[in-house]
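> One structure coming up, written as C-alpha coordinates, with questions to follow.
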Amino acid sequence: MAARLYSVIVLAVSSTFNSTPIMKHGVAFRKFSRTSSHRMLMLRNLVTSLFEHEQIKTTLPKARDTARLAEKIITMGKKGDNGSQTRASAFLLKPIALTKLFSTFAQRYADRPGGYTRIHKFGNRVGDNAPHAILELVDNPRDLRWELTSRAVGRELLKDKLHKKGPQRVLNEGAESASEILRQERAMDPENQGILRPKTRWNLQKILRFRNKNAVDELAKKAVDYADQLLAEPLASRALHEGSKHESPSARLPRRHAGHKRIGEERPAIVVAQGSLAPGTPPRAPGSKKPTFNMESALTEGFKHAS
Amino acid sequence: MATVLLRRTSASLTFLRPSLFANWLAPVATAAASLNVPRTTWNLPALGSLLELFPSIVLAVPKSKTSHSRKAMRSANKGLKDKRNITNCAGCGSVKLAHHICPNCYSQISRQFKDKKKESGDIIDLS
(Lines give C-alpha, C1' and ligand atoms only; values in the text may rest on other atoms or scores of the structure.)
Protein backbone atom coordinates (compact mmCIF):
# COMPACT_ATOMS: atom_id res chain seq x y z
CA MET A 1 0.00 0.00 0.00
CA ALA A 2 2.82 2.37 0.97
CA ALA A 3 4.87 1.36 -2.06
CA ARG A 4 1.95 2.00 -4.39
CA LEU A 5 1.34 5.47 -2.93
CA TYR A 6 5.04 6.32 -3.20
CA SER A 7 5.19 5.36 -6.87
CA VAL A 8 2.12 7.50 -7.56
CA ILE A 9 3.75 10.52 -5.91
CA VAL A 10 6.99 10.03 -7.90
CA LEU A 11 5.07 9.91 -11.16
CA ALA A 12 3.13 13.05 -10.29
CA VAL A 13 6.33 14.98 -9.49
CA SER A 14 8.21 13.94 -12.62
CA SER A 15 5.39 14.92 -14.96
CA THR A 16 5.50 18.56 -13.83
CA PHE A 17 9.11 19.08 -15.11
CA ASN A 18 9.57 20.08 -18.81
CA SER A 19 12.24 17.83 -20.23
CA THR A 20 12.75 19.68 -23.60
CA PRO A 21 14.95 22.88 -23.34
CA ILE A 22 13.57 26.23 -24.64
CA MET A 23 15.73 28.19 -27.14
CA LYS A 24 15.75 31.96 -27.82
CA HIS A 25 17.47 32.32 -31.21
CA GLY A 26 16.94 35.44 -33.34
CA VAL A 27 14.49 37.19 -31.03
CA ALA A 28 14.64 40.92 -31.78
CA PHE A 29 13.26 42.49 -28.60
CA ARG A 30 14.15 42.30 -24.92
CA LYS A 31 11.46 41.94 -22.28
CA PHE A 32 13.29 43.46 -19.27
CA SER A 33 11.09 41.42 -16.87
CA ARG A 34 8.32 43.96 -17.33
CA THR A 35 4.84 43.89 -18.78
CA SER A 36 4.42 45.28 -22.28
CA SER A 37 2.96 48.63 -21.16
CA HIS A 38 5.59 49.10 -18.44
CA ARG A 39 8.39 48.24 -20.88
CA MET A 40 7.16 50.66 -23.51
CA LEU A 41 6.79 53.49 -21.01
CA MET A 42 10.27 52.84 -19.60
CA LEU A 43 11.79 53.03 -23.09
CA ARG A 44 9.82 56.18 -23.89
CA ASN A 45 11.15 57.74 -20.70
CA LEU A 46 14.71 56.75 -21.60
CA VAL A 47 14.43 58.19 -25.10
CA THR A 48 12.91 61.41 -23.75
CA SER A 49 15.73 61.73 -21.22
CA LEU A 50 18.29 61.08 -23.95
CA PHE A 51 16.83 63.87 -26.08
CA GLU A 52 16.71 66.21 -23.09
CA HIS A 53 20.25 65.60 -21.76
CA GLU A 54 21.92 64.19 -24.91
CA GLN A 55 24.01 61.85 -22.74
CA ILE A 56 22.63 59.31 -20.27
CA LYS A 57 24.08 56.45 -18.23
CA THR A 58 22.06 53.24 -17.95
CA THR A 59 22.50 49.47 -18.22
CA LEU A 60 23.87 48.09 -21.48
CA PRO A 61 20.77 46.15 -22.68
CA LYS A 62 18.53 49.16 -21.93
CA ALA A 63 20.94 51.41 -23.78
CA ARG A 64 20.84 49.15 -26.82
CA ASP A 65 17.05 49.09 -26.98
CA THR A 66 16.81 52.81 -26.32
CA ALA A 67 19.34 53.58 -29.06
CA ARG A 68 17.30 51.63 -31.55
CA LEU A 69 14.10 53.51 -30.71
CA ALA A 70 15.79 56.90 -30.46
CA GLU A 71 17.26 56.60 -33.95
CA LYS A 72 13.85 55.83 -35.39
CA ILE A 73 12.37 58.89 -33.68
CA ILE A 74 15.21 61.06 -35.00
CA THR A 75 14.43 59.83 -38.52
CA MET A 76 10.89 61.02 -37.90
CA GLY A 77 12.29 64.35 -36.82
CA LYS A 78 14.33 64.62 -40.00
CA LYS A 79 11.23 63.99 -42.12
CA GLY A 80 9.40 66.78 -40.35
CA ASP A 81 5.99 66.30 -41.97
CA ASN A 82 2.61 66.30 -40.22
CA GLY A 83 2.36 62.55 -39.67
CA SER A 84 5.86 62.40 -38.19
CA GLN A 85 5.04 65.23 -35.81
CA THR A 86 1.90 63.48 -34.62
CA ARG A 87 3.68 60.19 -34.06
CA ALA A 88 6.69 61.75 -32.35
CA SER A 89 4.53 63.83 -30.01
CA ALA A 90 2.60 60.69 -29.09
CA PHE A 91 5.85 58.92 -28.24
CA LEU A 92 7.86 61.55 -26.37
CA LEU A 93 6.89 62.58 -22.86
CA LYS A 94 8.30 66.10 -22.60
CA PRO A 95 7.75 69.13 -24.85
CA ILE A 96 11.45 70.12 -24.67
CA ALA A 97 12.39 66.80 -26.25
CA LEU A 98 9.86 67.32 -29.04
CA THR A 99 11.06 70.83 -29.87
CA LYS A 100 14.69 69.73 -29.84
CA LEU A 101 13.87 66.83 -32.12
CA PHE A 102 12.43 68.94 -34.93
CA SER A 103 14.88 71.83 -34.64
CA THR A 104 18.29 70.88 -33.22
CA PHE A 105 18.57 67.24 -34.17
CA ALA A 106 17.04 67.62 -37.61
CA GLN A 107 19.72 70.23 -38.42
CA ARG A 108 22.57 68.38 -36.77
CA TYR A 109 21.90 65.07 -38.49
CA ALA A 110 20.73 66.43 -41.85
CA ASP A 111 23.70 64.94 -43.73
CA ARG A 112 24.23 61.89 -41.56
CA PRO A 113 22.61 58.68 -42.92
CA GLY A 114 21.67 56.98 -39.68
CA GLY A 115 23.75 56.07 -36.64
CA TYR A 116 22.78 59.08 -34.55
CA THR A 117 23.55 57.43 -31.22
CA ARG A 118 26.66 55.96 -29.66
CA ILE A 119 27.11 53.53 -26.78
CA HIS A 120 30.24 53.53 -24.59
CA LYS A 121 30.66 50.58 -22.25
CA PHE A 122 31.42 51.79 -18.76
CA GLY A 123 32.23 48.98 -16.34
CA ASN A 124 29.80 47.41 -13.88
CA ARG A 125 27.38 48.92 -11.41
CA VAL A 126 28.39 48.65 -7.74
CA GLY A 127 25.10 47.34 -6.29
CA ASP A 128 24.27 44.46 -8.61
CA ASN A 129 27.30 44.20 -10.96
CA ALA A 130 25.10 45.12 -13.95
CA PRO A 131 27.10 46.13 -17.04
CA HIS A 132 26.76 49.88 -17.47
CA ALA A 133 26.90 52.01 -20.59
CA ILE A 134 26.82 55.66 -21.54
CA LEU A 135 24.40 56.34 -24.35
CA GLU A 136 24.88 59.64 -26.14
CA LEU A 137 23.78 61.46 -29.25
CA VAL A 138 26.59 61.85 -31.77
CA ASP A 139 28.05 65.38 -32.18
CA ASN A 140 26.39 66.73 -29.04
CA PRO A 141 28.17 69.55 -27.13
CA ARG A 142 29.50 67.01 -24.59
CA ASP A 143 30.46 64.38 -27.14
CA LEU A 144 32.57 61.82 -25.22
CA ARG A 145 34.36 60.43 -28.23
CA TRP A 146 35.41 63.95 -29.22
CA GLU A 147 36.89 64.53 -25.78
CA LEU A 148 38.63 61.17 -25.50
CA THR A 149 40.08 61.40 -29.01
CA SER A 150 41.40 64.90 -28.35
CA ARG A 151 43.17 63.56 -25.27
CA ALA A 152 44.63 60.60 -27.16
CA VAL A 153 45.81 62.89 -29.96
CA GLY A 154 47.39 65.28 -27.44
CA ARG A 155 49.25 62.49 -25.71
CA GLU A 156 50.56 61.00 -28.95
CA LEU A 157 51.67 64.40 -30.28
CA LEU A 158 53.55 64.96 -27.04
CA LYS A 159 55.22 61.57 -27.32
CA ASP A 160 56.28 62.40 -30.86
CA LYS A 161 57.67 65.76 -29.76
CA LEU A 162 59.61 64.18 -26.88
CA HIS A 163 61.17 61.73 -29.32
CA LYS A 164 62.26 64.41 -31.76
CA LYS A 165 63.16 67.33 -29.53
CA GLY A 166 63.89 65.88 -26.12
CA PRO A 167 62.21 66.66 -22.81
CA GLN A 168 64.02 69.88 -21.96
CA ARG A 169 63.06 71.69 -25.15
CA VAL A 170 59.50 70.49 -24.97
CA LEU A 171 59.22 71.68 -21.36
CA ASN A 172 60.48 75.12 -22.34
CA GLU A 173 58.59 75.56 -25.55
CA GLY A 174 55.41 73.65 -24.83
CA ALA A 175 53.46 71.86 -27.55
CA GLU A 176 53.08 73.83 -30.79
CA SER A 177 50.13 74.16 -33.05
CA ALA A 178 49.07 70.79 -34.39
CA SER A 179 46.44 71.69 -37.00
CA GLU A 180 48.71 70.90 -39.93
CA ILE A 181 49.63 67.49 -38.51
CA LEU A 182 45.97 66.67 -37.91
CA ARG A 183 45.00 67.61 -41.45
CA GLN A 184 47.66 65.27 -42.78
CA GLU A 185 46.58 62.47 -40.44
CA ARG A 186 42.97 62.97 -41.42
CA ALA A 187 43.75 62.39 -45.08
CA MET A 188 45.98 59.38 -44.38
CA ASP A 189 44.88 55.75 -44.55
CA PRO A 190 44.51 54.35 -41.00
CA GLU A 191 46.87 51.43 -41.61
CA ASN A 192 49.86 53.53 -42.72
CA GLN A 193 52.66 54.70 -40.47
CA GLY A 194 52.29 58.25 -39.22
CA ILE A 195 52.50 60.17 -35.97
CA LEU A 196 49.25 58.83 -34.55
CA ARG A 197 48.40 55.24 -33.65
CA PRO A 198 46.12 53.53 -36.25
CA LYS A 199 43.22 53.42 -33.77
CA THR A 200 43.58 57.11 -32.90
CA ARG A 201 43.72 58.07 -36.56
CA TRP A 202 40.59 56.03 -37.22
CA ASN A 203 38.79 57.78 -34.34
CA LEU A 204 39.99 61.15 -35.62
CA GLN A 205 38.60 60.53 -39.08
CA LYS A 206 35.31 59.34 -37.64
CA ILE A 207 34.69 62.33 -35.38
CA LEU A 208 35.62 64.89 -38.07
CA ARG A 209 33.44 63.39 -40.76
CA PHE A 210 30.21 65.34 -40.45
CA ARG A 211 31.55 68.44 -38.71
CA ASN A 212 32.17 71.93 -40.04
CA LYS A 213 35.40 73.52 -41.31
CA ASN A 214 36.75 74.79 -37.98
CA ALA A 215 36.45 71.37 -36.33
CA VAL A 216 40.08 70.45 -37.05
CA ASP A 217 41.40 73.66 -35.47
CA GLU A 218 39.17 73.19 -32.42
CA LEU A 219 40.41 69.65 -31.98
CA ALA A 220 44.03 70.72 -32.44
CA LYS A 221 43.65 73.38 -29.76
CA LYS A 222 42.10 70.88 -27.37
CA ALA A 223 44.87 68.37 -28.03
CA VAL A 224 47.60 70.95 -27.44
CA ASP A 225 45.96 72.11 -24.19
CA TYR A 226 45.85 68.54 -22.98
CA ALA A 227 49.50 67.98 -23.93
CA ASP A 228 50.44 71.03 -21.81
CA GLN A 229 48.39 69.56 -18.98
CA LEU A 230 50.27 66.26 -19.30
CA LEU A 231 53.58 68.11 -19.10
CA ALA A 232 52.47 70.03 -16.04
CA GLU A 233 51.04 67.10 -14.07
CA PRO A 234 54.28 65.60 -12.65
CA LEU A 235 55.60 69.05 -11.80
CA ALA A 236 52.38 69.95 -10.03
CA SER A 237 52.25 66.74 -8.04
CA ARG A 238 55.90 67.19 -7.03
CA ALA A 239 55.19 70.74 -5.95
CA LEU A 240 52.18 69.59 -3.90
CA HIS A 241 54.31 66.96 -2.21
CA GLU A 242 57.02 69.50 -1.38
CA GLY A 243 54.38 71.77 0.06
CA SER A 244 53.02 69.14 2.42
CA LYS A 245 56.46 67.91 3.47
CA HIS A 246 56.64 69.95 6.66
CA GLU A 247 53.37 68.45 7.88
CA SER A 248 54.38 64.84 7.25
CA PRO A 249 58.15 64.59 6.69
CA SER A 250 58.20 60.82 6.21
CA ALA A 251 55.56 60.79 3.46
CA ARG A 252 56.66 59.08 0.23
CA LEU A 253 56.67 60.68 -3.17
CA PRO A 254 53.52 60.03 -5.19
CA ARG A 255 53.71 57.03 -7.49
CA ARG A 256 51.59 55.98 -10.41
CA HIS A 257 49.37 52.92 -10.12
CA ALA A 258 50.76 49.56 -11.23
CA GLY A 259 50.51 49.21 -14.99
CA HIS A 260 50.26 52.93 -15.70
CA LYS A 261 51.75 53.63 -19.11
CA ARG A 262 54.26 56.46 -19.18
CA ILE A 263 54.57 58.58 -22.29
CA GLY A 264 56.77 56.66 -24.70
CA GLU A 265 56.19 53.25 -23.10
CA GLU A 266 55.61 50.59 -25.74
CA ARG A 267 54.95 47.49 -23.62
CA PRO A 268 51.33 46.39 -23.02
CA ALA A 269 49.57 47.03 -19.70
CA ILE A 270 49.81 43.55 -18.23
CA VAL A 271 53.53 43.37 -18.91
CA VAL A 272 54.11 46.74 -17.25
CA ALA A 273 52.03 45.71 -14.24
CA GLN A 274 53.98 42.51 -13.75
CA GLY A 275 57.31 44.33 -13.75
CA SER A 276 60.32 42.06 -13.47
CA LEU A 277 58.04 39.00 -13.32
CA ALA A 278 56.59 39.63 -16.78
CA PRO A 279 57.19 36.86 -19.29
CA GLY A 280 59.83 37.88 -21.78
CA THR A 281 61.73 40.19 -19.43
CA PRO A 282 65.37 39.08 -19.35
CA PRO A 283 66.61 38.32 -15.82
CA ARG A 284 68.47 41.25 -14.30
CA ALA A 285 72.12 40.70 -13.39
CA PRO A 286 72.65 41.40 -9.65
CA GLY A 287 73.97 44.85 -8.94
CA SER A 288 72.99 46.19 -12.35
CA LYS A 289 69.88 48.08 -11.27
CA LYS A 290 69.73 51.41 -13.06
CA PRO A 291 66.94 53.90 -12.58
CA THR A 292 64.65 54.49 -15.57
CA PHE A 293 65.02 58.14 -16.40
CA ASN A 294 61.93 59.61 -17.90
CA MET A 295 60.26 62.89 -17.14
CA GLU A 296 57.57 61.39 -14.99
CA SER A 297 59.72 59.25 -12.75
CA ALA A 298 62.27 62.02 -12.40
CA LEU A 299 59.66 64.43 -11.13
CA THR A 300 57.40 62.12 -9.14
CA GLU A 301 59.07 59.05 -7.70
CA GLY A 302 62.56 60.14 -6.95
CA PHE A 303 65.48 57.76 -6.97
CA LYS A 304 67.34 56.07 -4.19
CA HIS A 305 70.34 55.66 -6.44
CA ALA A 306 70.41 59.25 -7.71
CA SER A 307 73.35 61.07 -6.24
CA MET B 1 -36.01 3.93 -9.48
CA ALA B 2 -32.54 2.69 -8.77
CA THR B 3 -32.97 3.12 -4.99
CA VAL B 4 -36.19 1.13 -5.11
CA LEU B 5 -34.38 -1.61 -6.98
CA LEU B 6 -31.56 -1.51 -4.43
CA ARG B 7 -33.97 -1.86 -1.51
CA ARG B 8 -35.55 -4.80 -3.29
CA THR B 9 -32.17 -6.45 -3.84
CA SER B 10 -31.11 -5.91 -0.24
CA ALA B 11 -34.47 -7.26 0.91
CA SER B 12 -34.13 -10.27 -1.40
CA LEU B 13 -30.60 -10.74 -0.22
CA THR B 14 -31.63 -11.21 3.41
CA PHE B 15 -34.27 -13.67 2.21
CA LEU B 16 -31.90 -15.49 -0.20
CA ARG B 17 -28.96 -15.78 2.17
CA PRO B 18 -29.28 -19.49 2.80
CA SER B 19 -30.14 -20.05 -0.96
CA LEU B 20 -27.94 -21.57 -3.64
CA PHE B 21 -27.20 -18.22 -5.39
CA ALA B 22 -25.94 -16.48 -2.28
CA ASN B 23 -22.32 -17.11 -3.32
CA TRP B 24 -22.45 -14.97 -6.46
CA LEU B 25 -25.33 -12.65 -5.49
CA ALA B 26 -23.79 -11.34 -2.31
CA PRO B 27 -20.70 -9.61 -3.82
CA VAL B 28 -22.79 -8.16 -6.66
CA ALA B 29 -25.34 -6.85 -4.19
CA THR B 30 -22.72 -5.33 -1.97
CA ALA B 31 -21.05 -3.73 -5.02
CA ALA B 32 -24.37 -2.32 -6.20
CA ALA B 33 -25.11 -1.08 -2.72
CA SER B 34 -21.74 0.63 -2.38
CA LEU B 35 -22.20 2.56 -5.67
CA ASN B 36 -24.92 4.96 -4.65
CA VAL B 37 -24.85 5.02 -0.86
CA PRO B 38 -22.35 7.65 0.40
CA ARG B 39 -20.01 6.20 2.96
CA THR B 40 -18.81 8.41 5.78
CA THR B 41 -16.11 6.07 7.10
CA TRP B 42 -12.85 5.75 5.12
CA ASN B 43 -10.25 3.06 5.51
CA LEU B 44 -6.84 4.81 5.48
CA PRO B 45 -3.49 3.80 6.93
CA ALA B 46 -2.71 5.73 10.13
CA LEU B 47 0.03 8.25 9.15
CA GLY B 48 2.06 10.17 11.68
CA SER B 49 3.86 12.03 8.86
CA LEU B 50 4.48 11.46 5.14
CA LEU B 51 7.95 10.23 6.04
CA GLU B 52 6.39 6.98 7.24
CA LEU B 53 5.60 6.19 3.57
CA PHE B 54 9.32 6.28 2.75
CA PRO B 55 11.29 3.42 4.16
CA SER B 56 14.62 4.66 5.52
CA ILE B 57 16.53 2.80 2.80
CA VAL B 58 15.19 5.36 0.29
CA LEU B 59 16.43 8.57 2.11
CA ALA B 60 19.90 9.80 0.92
CA VAL B 61 22.35 10.66 3.67
CA PRO B 62 26.13 11.16 3.75
CA LYS B 63 27.96 8.16 5.08
CA SER B 64 30.82 10.11 6.65
CA LYS B 65 32.23 13.61 7.06
CA THR B 66 33.85 14.95 3.85
CA SER B 67 37.56 15.15 4.51
CA HIS B 68 39.41 18.45 4.27
CA SER B 69 41.34 17.10 1.32
CA ARG B 70 38.28 16.02 -0.66
CA LYS B 71 36.52 19.30 0.09
CA ALA B 72 39.55 21.26 -1.08
CA MET B 73 39.79 19.21 -4.27
CA ARG B 74 36.15 19.94 -5.05
CA SER B 75 36.66 23.69 -4.73
CA ALA B 76 39.82 23.69 -6.88
CA ASN B 77 37.91 25.13 -9.87
CA LYS B 78 35.97 27.69 -7.89
CA GLY B 79 38.69 30.33 -7.58
CA LEU B 80 38.39 33.84 -9.04
CA LYS B 81 39.50 34.04 -12.67
CA ASP B 82 42.06 36.62 -13.79
CA LYS B 83 40.93 39.39 -16.07
CA ARG B 84 42.92 39.38 -19.30
CA ASN B 85 41.14 42.28 -21.01
CA ILE B 86 43.30 44.94 -19.36
CA THR B 87 44.78 47.75 -21.46
CA ASN B 88 45.96 51.31 -21.04
CA CYS B 89 43.97 54.43 -21.79
CA ALA B 90 45.24 56.24 -24.88
CA GLY B 91 44.48 59.56 -23.19
CA CYS B 92 45.88 59.33 -19.67
CA GLY B 93 47.84 56.06 -19.69
CA SER B 94 46.06 54.61 -16.67
CA VAL B 95 44.84 51.03 -16.55
CA LYS B 96 41.40 50.35 -18.01
CA LEU B 97 39.25 47.50 -19.33
CA ALA B 98 39.40 46.76 -23.05
CA HIS B 99 36.49 48.17 -25.10
CA HIS B 100 35.37 50.27 -22.12
CA ILE B 101 35.95 53.98 -21.58
CA CYS B 102 38.59 55.03 -19.10
CA PRO B 103 36.90 55.99 -15.79
CA ASN B 104 39.73 58.39 -14.95
CA CYS B 105 39.31 60.31 -18.21
CA TYR B 106 35.52 60.27 -17.93
CA SER B 107 35.70 61.60 -14.38
CA GLN B 108 37.97 64.48 -15.44
CA ILE B 109 35.85 65.34 -18.50
CA SER B 110 32.64 65.19 -16.51
CA ARG B 111 34.06 67.45 -13.80
CA GLN B 112 35.24 69.94 -16.40
CA PHE B 113 31.75 70.17 -17.86
CA LYS B 114 30.21 70.57 -14.42
CA ASP B 115 32.62 73.39 -13.58
CA LYS B 116 31.81 75.10 -16.86
CA LYS B 117 28.12 74.73 -16.14
CA LYS B 118 28.57 76.29 -12.71
CA GLU B 119 30.51 79.22 -14.16
CA SER B 120 27.94 79.93 -16.85
CA GLY B 121 25.17 79.97 -14.27
CA ASP B 122 23.48 76.55 -14.31
CA ILE B 123 22.02 76.90 -17.79
CA ILE B 124 23.99 74.98 -20.37
CA ASP B 125 22.94 75.61 -23.93
CA LEU B 126 22.61 72.18 -25.45
CA SER B 127 21.08 73.37 -28.72
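> Looking for something more than 21 Å from B:Ile109 (Cβ to Cβ) and more than 11 Å from chain B (Cβ to nearest Cβ) - is there at least one such residue anywhere in the range A:254-262?
yes
> While we're looking at this one, here's another question. Might you check whether a residue that is over 30 Å from A:Trp146 (Cβ atoms) and either at pLDDT below 70 or out of contact with any helix residue (DSSP H, G or I) (no Cβ under 9 Å at 6 or more places or on another chain) (or both) occurs anywhere in the range B:101-115?
no
> Somewhere in the range A:136-144, is a residue in contact with a His (Cβ under 7 Å, 6 or more places away or on another chain) and either at pLDDT 95 or above or closer than 20 Å to A:Ser179 by Cβ (or both)?
Checking the range A:136-144: at least one residue is in contact with a His (Cβ under 7 Å, 6 or more places away or on another chain) and either at pLDDT 95 or above or closer than 20 Å to A:Ser179 by Cβ (or both).
> Continuing with the same structure: Can you name the number of the only condition in (1) part of a helix (DSSP H, G or I); (2) within 14 Å of chain B (Cβ to nearest Cβ); (3) of a type in the set (Val, Ile, Thr) that A:Ile56 fails?
Among (1) part of a helix (DSSP H, G or I); (2) within 14 Å of chain B (Cβ to nearest Cβ); (3) of a type in the set (Val, Ile, Thr), the lone unmet condition for A:Ile56 is (1).
> What's the number of the condition B:Pro45 fails, among (1) away from chain A (no Cβ under 14 Å); (2) at pLDDT 60 or above?
Condition (1) is where B:Pro45 drops out.
> Still on this structure, please answer the following. Based on this model, can you work out whether B:Lys65 counts as closer than 30 Å to A:Gln274 by Cβ and among the basic types (Lys, Arg)?
Against the criterion (closer than 30 Å to A:Gln274 by Cβ and among the basic types (Lys, Arg)), B:Lys65 does not qualify.
> Please go through the range B:48-89 and give me each residue that is among the β-branched types (Val, Ile, Thr) and in contact with a strand residue (DSSP E or B) (Cβ under 9 Å, 6 or more places away or on another chain), ordered by number.
B:Ile86, B:Thr87 - these are the residues of the range B:48-89 that are among the β-branched types (Val, Ile, Thr) and in contact with a strand residue (DSSP E or B) (Cβ under 9 Å, 6 or more places away or on another chain).
> Go through (1) buried (at least 20 other Cβ atoms within 10 Å of the Cβ); (2) within 14 Å of chain B (Cβ to nearest Cβ); (3) more than 25 Å from B:Ser110 (Cα to Cα) for A:Thr99 and report which single condition fails.
If we test A:Thr99 against (1) buried (at least 20 other Cβ atoms within 10 Å of the Cβ); (2) within 14 Å of chain B (Cβ to nearest Cβ); (3) more than 25 Å from B:Ser110 (Cα to Cα), just (1) comes out false.
> If you check B:Ser56, B:Ser19, which single one turns out to be at pLDDT below 85, in a loop (DSSP other than H, G, I, E, B), more than 10 Å from every other protein chain (Cβ to nearest Cβ) and surrounded by 11 or more Cβ atoms within 10 Å (Cβ to Cβ)?
Among B:Ser56, B:Ser19, only B:Ser19 is at pLDDT below 85, in a loop (DSSP other than H, G, I, E, B), more than 10 Å from every other protein chain (Cβ to nearest Cβ) and surrounded by 11 or more Cβ atoms within 10 Å (Cβ to Cβ).
Every residue, every condition in (1) within 7 Å of chain A (Cβ to nearest Cβ); (2) assigned to a loop (DSSP other than H, G, I, E, B), yes or no:
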{"residue": "B:Leu80", "(1), (2)": "no, yes"}
{"residue": "B:Lys83", "(1), (2)": "no, yes"}
{"residue": "B:Thr87", "(1), (2)": "yes, no"}
{"residue": "B:Ala90", "(1), (2)": "yes, yes"}
{"residue": "B:Arg111", "(1), (2)": "no, no"}
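> Please go through the range A:63-93 and give me each residue that is of a type in the set (D, E, K, R) and either free of Cβ contacts under 8 Å to residues at least 40 places away in the same chain or at positive phi (or both), ordered by number.
Within the range A:63-93, A:Asp65, A:Arg68, A:Lys72, A:Lys78, A:Lys79, A:Asp81, A:Arg87 qualify.
> Kindly state which helices (runs of 4 or more DSSP H) lie completely within the range A:111-207 and contain at least 2 residues that are touching a Leu at 6+ places or on another chain (Cβ under 9 Å) and within 14 Å of another protein chain (Cβ to nearest Cβ).
Result: A:144-165.
> With the requirement that a residue be modelled with pLDDT under 85, surrounded by 11 or more Cβ atoms within 10 Å (Cβ to Cβ) and within 22 Å of the chain's Cα centre (by Cα), what does the range A:227-261 give you?
A:Arg256, A:Ala258, A:Gly259
> So for the range A:145-158 (the condition being in contact with a Phe, Trp or Tyr (Cβ under 6 Å, 6 or more places away or on another chain) and modelled with pLDDT of 90 or more), does at least one residue qualify?
yes
The values are calculated or read from the model by the stated rules, or taken from the named source; none is laboratory data. Since we're looking at a predicted model, the values are computed, not measured. No Cβ is skipped: glycine too gets one built from the backbone with ideal geometry, and neighbour counts run over all protein chains shown.
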